[in-house]
Amino acid sequence: MAQSTQFEAPDLSDERILRIVAGIRPCRHGGLRLETEQLGSKTLIHNYGHGGCGITLSMGTAIAAADLLDQCSESDAPIAILGAGVVGLTTARELTLRGRKVTIYSEKSGTETLSALAGALFLPVGIETEHPDIGQERFLNILIDSKHALNQLDQARFGIQDLPVYEPAFAADSEFLFTNGTIAPPTDLDLLPIPGPPRSGRTFNATFIHTHRFLNTLIEDLANAGVEIQSRSFTDRQELEHLQEPTIVNCLALGSRSLFDDKSLYPARGILVHMEPQDLGYIIHDGYKYMFPREDALVLGGCFDEGVWDDTPDELIANEILAHHRRFFGLS
């Protein structure tokens, strides 16, 4: 059924560009790593391999990691968490809710980490779909747990809202995204209700997370719960033996490649253009070309460059991203 235009086009003029940013997604052959191992006198729980959907999966993997910890640690034993991106912060939150004493060790925290660059739309993309290391059923349960946990939060305080997502008909149709019950299936449209050349497509509603508010609220709640974030990095596993905590949860993402010799981790670079924030009320999604209206920036993406470790912003790619979105909205 055709729809008339309801939404305004974004202002994508050069004057509204804030910055070009680059980030390296922590992808892993085999998908998520959620398991326990013994490291000398320490019990180590791994929680990494989230790829391009760290915020999407973080609440669910926090629950999974905390369940593993409950099986191998005394209830009053202090816990160390390595990493203070979204995975480390949500894991710390889950553990404090269970009455655990937690200390986080990380070079950077919250909005200083890669997590701050994320969109972030609740959508399990940018990660391998088969999940051989944990199994498809467990992955889907983690995804469902994550969505449920996000829904239980104070939506305004954490910066969570539902927004309509529009995809052009030529976008790749990823049916697997809608078969797990966390996202309602898309509706076909004869005419997308957005400015630009007339085109058909589809729409679905999805949960959007305003990343900076989400991360800052997590840090605020952890501070109120007595969680300390210590600035510290580790170059050798032997250094972990000197921590006072008997149990460690590793949320170091790509850092696990060197510290724990996990060669299955690989980078996937993303380039983003951050523009002045614009309250548009909708999202455009076409694989790794997307537009997210974050409250602190209008985020234009992007790319998925496997094997690229260089996180220097690339102006050529950024210009192509801008040109793509300007063509999409008929602005060029």
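The values are calculated or read from the model by the stated rules, or taken from the named source; none is laboratory data. Predicted, not measured: the structure shown is a model, and the values here were computed from it. In this analysis, Cβ positions are derived from the backbone assuming ideal geometry, glycine residues included, and neighbour counts consider all displayed protein chains. Each accessible area value is taken on the protein alone, full model and side chains, heavy atoms only, with ligands, DNA and RNA left out. Shrake-Rupley method; radii C 1.70, N 1.55, O 1.52, S 1.80 Å.
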J(HN,Hα) series, the stretch 58-69, from Karplus relation 6.51 cos²θ - 1.76 cosθ + 1.60, nearest Hz, glycine and proline x
4, 5, x, 6, 4, 5, 5, 5, 5, 5, 4, 5
What's the angle, to the nearest 10 degrees (0 to 90), between helix 86-97's Cα axis and the longest principal axis of the chain?
50 degrees
C-alpha center-to-center spacing [the stretch 113-144, the stretch 80-108] in angstrom:
19 Å
Roughly how tilted is helix 136-152, in degrees to the nearest 10 and between 0 and 90, from the longest Cα axis of the chain?
80 degrees
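Determine the percent antiparallel among the DSSP beta bridges restricted to the chain, to the nearest 5. Don't jump to the answer; show the numbers that get you there.
Working: 44 of 62 bridges.
So the antiparallel bridges amount to about 70 percent of the total.
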If you wrap a convex hull around the C-alpha atoms of the stretch 121-259 and split its volume per residue, what is the figure in Å³?
180 Å³
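Given R₀ = 45 Å, FRET efficiency for S75-A323 by Cβ-Cβ distance, to 0.05? Mind dumping the intermediate values first?
Details: r = 56 Å, r/R0 = 1.25.
So the FRET efficiency works out to roughly 0.20.
Could you quote the convex hull projected area for the stretch 21-125, Cα atoms only and averaged over all directions, in nm²?
Details: hull surface 28.3 nm².
Mean shadow area of the hull around the Cα atoms is 7.1 nm².
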What ³J(HN,Hα) values, in whole Hz, does the Karplus curve 6.51 cos²θ - 1.76 cosθ + 1.60 give for the stretch 323-332 when θ = phi - 60°, with x put for Gly and Pro?
4, 4, 5, 5, 5, 4, 8, x, 9, 9
Portion, in percent, of the accessible area of the stretch 18-144 that falls on carbon or sulfur, probe 1.4 Å
47 percent
Largest first, how would I219, I81 line up by accessible area (1.4 Å probe)?
I219, I81
Out of G83, G135, G23, a Gaussian network model of the chain with alpha-carbon springs under 10 Å gives the largest mean-square fluctuation to G135
Work out Dmax and Rg for the stretch 1-54 from the C-alpha atoms and quote the Rg first, both in angstrom.
21.9, 65
Log10 I(q)/I(0) at q = 0.24, 0.26, 0.28 Å⁻¹ for the stretch 24-66, from Debye over equal alpha-carbon scatterers, is -0.83, -0.91, -0.98
Average accessible area per residue (Å²) across the chain - probe 1.4 Å, nucleic acids and ligands excluded:
43 Å²
Using only Cα atoms, find the angle between the long axis of helix 211-224 and the longest principal axis of the chain, and express it within 0 to 90 degrees, rounded to the nearest 10.
30 degrees
Mean ellipticity per residue at 222 nm, deg cm²/dmol - from DSSP H runs of n ≥ 4 across the chain, formula -39500 (n - 2.57):
-8000 deg cm²/dmol
